[in-house]
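This report concerns only the one structure given below.
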Amino acid sequence: MTAVNNSVRNTARLTGAGLRALLVLTVVCGVLYPLAVTGVAQAAFPSQANGSEVTADGKVVGSSLIGQRYDKGADKDGNPVPDLRYFQPRPSAGLGSNRANGVNTQYDLQVSGASNLGATNTDLIKAVKERKHWVSTTYGVPESKVPADAATSSGSGLDPDISPAYARLQTATVARRNHLPVGTVEKLVREHTDGRILGFMGEPRVNVLELNVALRGVVEGAGKG
């Protein structure tokens, strides 16, 4: 009987110790630690902690980390028609098709990813050629001058940036569609061109959303003037 009582007491003691440990760890790891990390993030990096939101006219219009489309509707086949008043992003996954991977609509945040097609895949080659032709005819440049990012998708399909070369290629058309001097739009592109991270990582880039927000501000200012 004594052995049984000792076993029960030991079991109760261990169970109590386990419950106390669970309670302490829940409070520390599930409450105090997240609150501390959130507090430090909000104090030191408020923009990043809140999703790197971009605002215009007091409203959130997107995130500087996530690309988006700039369309003026759809054609008879349901494909989006780019609004050439704005700078266009690089293609999303699926390139020339309206839906990527049979699931993800271009720049749809529900799913991200590339087409996963190899460099010799005929569908990929066709899509790239079609995109190059569209860029060439839309912006009036030879296909040999079309930057790679203008015809190919990023790995995530949600790339928010384009190359300075692709931004410059669009400048004259954007200026004409908005009735602005080309020099004004070129200045905007230069102001929104970021160099390599720490001077050596990555490539120079232009954030399309931030550039288009600045462009809209100039257009609205010119209209009021």
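Return only the number of the condition from (1) at pLDDT 85 or above; (2) within 30 Å of Val174 (Cα to Cα); (3) small (Gly, Ala, Ser) that Gly51 does not satisfy.
(1)
Report yes if Thr38 is more than 30 Å from the chain's Cα centre (by Cα), at negative phi and either exposed (fewer than 10 other Cβ atoms within 10 Å of the Cβ) or not assigned by TED's automatic domain parsing to the domain that holds Val206 (or both), otherwise no.
Taking the combined requirement at face value, the residue does not satisfy it.
Within the range 201-221, track down each residue that is at pLDDT below 95 and assigned to a strand (DSSP E or B).
Across the range 201-221, the qualifying residue is only Met201.
Does the range 172-183 contain at least one residue that is in contact with a helix residue (DSSP H, G or I) (Cβ under 6 Å, 6 or more places away or on another chain), more than 20 Å from Val54 (Cα to Cα) and loosely packed, with under 15 Cβ neighbours inside 10 Å?
Scanning the range 172-183 turns up at least one residue that is in contact with a helix residue (DSSP H, G or I) (Cβ under 6 Å, 6 or more places away or on another chain), more than 20 Å from Val54 (Cα to Cα) and loosely packed, with under 15 Cβ neighbours inside 10 Å.
Within the range 41-63, can you find the residues that are touching a Ser or Thr at 6+ places or on another chain (Cβ under 9 Å), part of a helix (DSSP H, G or I) and surrounded by 12 or more Cβ atoms within 10 Å (Cβ to Cβ)?
Listed by number, the list holds a single entry, Ala49.
For the range 120-156, give me each residue that is farther than 29 Å from Ala175 by Cβ, surrounded by fewer than 17 Cβ atoms within 10 Å (Cβ to Cβ) and within 24 Å of the chain's Cα centre (by Cα).
Selection gives Gly155, Ser156.
Identify, from the list Thr171, Thr193, the residue that is modelled with pLDDT of 95 or more and touching a strand residue (DSSP E or B) at 6+ places or on another chain (Cβ under 6 Å).
Step by step, each of Thr171, Thr193 is checked, and only Thr193 is modelled with pLDDT of 95 or more and touching a strand residue (DSSP E or B) at 6+ places or on another chain (Cβ under 6 Å).
Would you call Gly157 at positive phi and assigned by TED's automatic domain parsing to the domain that holds Leu65?
So Gly157 fits the description; yes.
The values are calculated or read from the model by the stated rules, or taken from the named source; none is laboratory data. Since the model is a prediction, treat every value here as computed from it, not as a measurement. Note that we place each Cβ from the backbone using ideal geometry, even for glycine, and neighbour counts take in every protein chain shown.
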